[in-house]
Amino acid sequence: MSKIKIEVQNITKIFGEKPQEALAKVKAGMGKQELLEQHTHTLGLHNISLNIEEGEIFVIMGLSGSGKSTLIRHFNRLIDPSDGHIIIDGEDVMEMDVKQLEDFRRRKISMVFQSFGLMPHYTVVDNVAYALEVRGVKKAERIAKATEWLETVGLAGYENLYPRQLSGGQQQRVGLARALAADTDVILMDEAFSALDPLIRSQMQEQLLELQNRLQKTIVFITHDLSEALRIGSRIAILKDGELSQIGTPEEILLNPSDDYVREFVKEVNRASVLTVEAIMRKPRLCLENETHQEALTKIEAVGIEWGWVLTNNRYQGMVTRAQLKKAIAENSQETLAQLANNSVVVTQSTTVEGALPSAIGNKYPLPVVDQNGKLWGVVTPDSLTRAIEKETDEVSS
Ligand SMILES: Nc1ncnc2c1ncn2[C@@H]1O[C@H](COP(=O)(O)OP(=O)(O)OP(=O)(O)O)[C@@H](O)[C@H]1O
Ligand SMILES: [Mg+2]
C-alpha cells in the first residue's frame, strides 16, 4: 500500500457573502440550484473526500463548472474551504502560518495554471527559473536548470522571448517547465494540455508519463477529456456539480461507470484504444519448466488442453503444443522444452486491446502477456479481445 500524500476530508466550498450561513442550509439538505436561486451563494464543492497516493497521477475530471479548479486550489490553499480539511504529508494546510505556507508553496507544491499564469515582464527562461530564484539558487545554476527543462518541453531557443511572443500552447509548455523546474513533490496541473493541438498534446502526455516514471512525483491533473484521463491517470475522480460521481482506475471507470453522467463520458471514448490487455487477460492454464517431453504431454492431456507455456527460471520461453510433444517423443528428441518451444509474439501488460488485435487475428493461440523481465503475467485469447471491442459496439448502438 502506497503512502497517502494528499487527504481531502469532507471539503465543502461555498462562494458568497455569508458562506457559513449557507453551509448550515447545505448541511440541512439544500442543493446547489436552490442555494444559488434563493440565497445567491454558489455551492462549489459539496462534501468531497478522497485520498491521493504518493507517486500517482491522479486525474480530476468533470464538465465545466463541476468544481475541478476549486478542488485543487484548496491543495495549495489558494482557496480556503468552508468546511473540511486538506492534509498533505500529514499536515493540515489550514494550520500553517504565513511563513510555513510560503515555504510549502515554494518547496512542496507547484502548479500549472489553466490560464498559464506566466509573469509578462519576465523572459521565458526567467519565468521557468523563478521558483529556484525564490529559493535562493544561484543565477548560473537556475538558468542552466531552466534551460534544460525548456528543452525537455520542446522550447529550446525560446529562452529570451517574453510570454506574449509565444503561442498559447507554447505558453502552456513554459508553465509546465516552470512546475517541473521547481522540483516539488506535488505538481498540480489545471487543464495543462487543453490549449495544445492534438498532436503536441499527445506528445506531451507521452512525455509526462515518461517524466513520471523517472521522477515519481505526485501529480494532480485536471482535464475534461476522458481519453486523456484514461491515458495518463492511475486513478480518476469524476466531479459533477461539486459532488464526487465516481473514483476509480481507468479500467473501473470504463468497465463500470457509476451513473449516466459518467456513462456519457465513457461513450465518447474508443475503448479498444484505452483498455489494456491487463484488464482482460487470464491466468495461463499450464506452465511447464523442468518436465521431460513425456511428463509435459501427460500434464497437457490431464488438463485437457492443446498447449502449455514454457518457462525457464520463471522467464517466458514460448509455447509447446501437444502435437509437438508427441513428435519429439516419437523422434526421441534431446531438445529441452525451451528449445522446442515456439517463440510466439508477445504483448506487455500495457498493450491496448487495439494494439494487441493485429497479432491475435487469425491466430488460434492466446497471446502471452510478458513484462520486460520476461515474467509471464497472463494470456489473452483472440476471443476476449474481440469481445472487448464488440461490447463497445453494442453499447454505442444501444
Ligand atoms: N471565485 C469564485 N466566486 C464565485 N463562484 C465561483 C468562484 N470560483 C468558482 N466558482 C463557482 O464554483 C463552481 C466550480 O467552478 P470551478 O472553476 O471549480 O469549475 P471547473 O470544474 O474548474 O470548470 P472549468 O472546466 O470551466 O474550468 C462554479 O459554479 C463556479 O461558478
Ligand atoms: Mg477550471
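Out of curiosity, is Ile60 open to solvent by less than 70 Å² (accessible area, probe 1.4 Å), within 16 Å of ligand 2 (Cβ to nearest atom) and farther than 28 Å from Val266 by Cα?
Judged against the criteria, Ile60 is not a match.
Looking only at residues in segment 105-150 that are among the basic types (Lys, Arg) and assigned to a loop (DSSP other than H, G, I, E, B), which one is farthest from Gly90 (Cα to Cα)?
Looking at the filtered set, the residue picked out is Lys138.
Regarding Gln246, is this residue under 30 Å from Lys13 (Cβ atoms) and in contact with an Asp or Glu (Cβ under 8 Å, 6 or more places away or on another chain)?
yes
Scan segment 178-197 and report the pairs whose first residue is more than 13 Å from ligand 1 (Cβ to nearest atom) and whose second residue is aromatic (Phe, Trp, Tyr) and not in a strand (DSSP E or B), with Cβ atoms within less than 6 Å and a gap of 6+ or a chain change.
Hits for this filter: Leu180/Trp149; Ala181/Trp149.
Mind telling me which of the residues Met30, Met94 ends up being free of Cβ contacts under 8 Å to residues at least 60 places away in the same chain and either within 20 Å of the chain's Cα centre (by Cα) or assigned to a loop (DSSP other than H, G, I, E, B) (or both)?
Sole residue among the options that is free of Cβ contacts under 8 Å to residues at least 60 places away in the same chain and either within 20 Å of the chain's Cα centre (by Cα) or assigned to a loop (DSSP other than H, G, I, E, B) (or both): Met30.
State all residues of segment 236-251 that are closer than 23 Å to Thr352 by Cα, open to solvent by 30 Å² or more (accessible area, probe 1.4 Å) and at pLDDT 95 or above; if no residue qualifies, say none.
Scanning segment 236-251 gives a single hit, Ile247.
Just one of the numbered conditions (1) assigned to a helix (DSSP H, G or I); (2) touching a Leu at 6+ places or on another chain (Cβ under 9 Å); (3) modelled with pLDDT of 90 or more is not true of Ala229; which one?
(2)
Could you look through segment 170-190, keep only residues that are open to solvent by 10 Å² or more (accessible area, probe 1.4 Å) and more than 23 Å from Ile6 (Cα to Cα), and pick out the one that is farthest from ligand 2 (Cβ to nearest atom)?
Gln170
Which condition number in (1) part of a strand (DSSP E or B); (2) surrounded by fewer than 20 Cβ atoms within 10 Å (Cβ to Cβ) is the one that Ile48 fails?
All conditions pass for Ile48, except number (2).
The values are calculated or read from the model by the stated rules, or taken from the named source; none is laboratory data. Just so it is clear, the structure is predicted and the values come from calculations on it, not from any experiment. In this analysis, Cβ positions are derived from the backbone assuming ideal geometry, glycine residues included, and neighbour counts consider all displayed protein chains. Remember, those area values only see protein heavy atoms, side chains included, never the ligands or the DNA or RNA. Shrake-Rupley method; radii C 1.70, N 1.55, O 1.52, S 1.80 Å.
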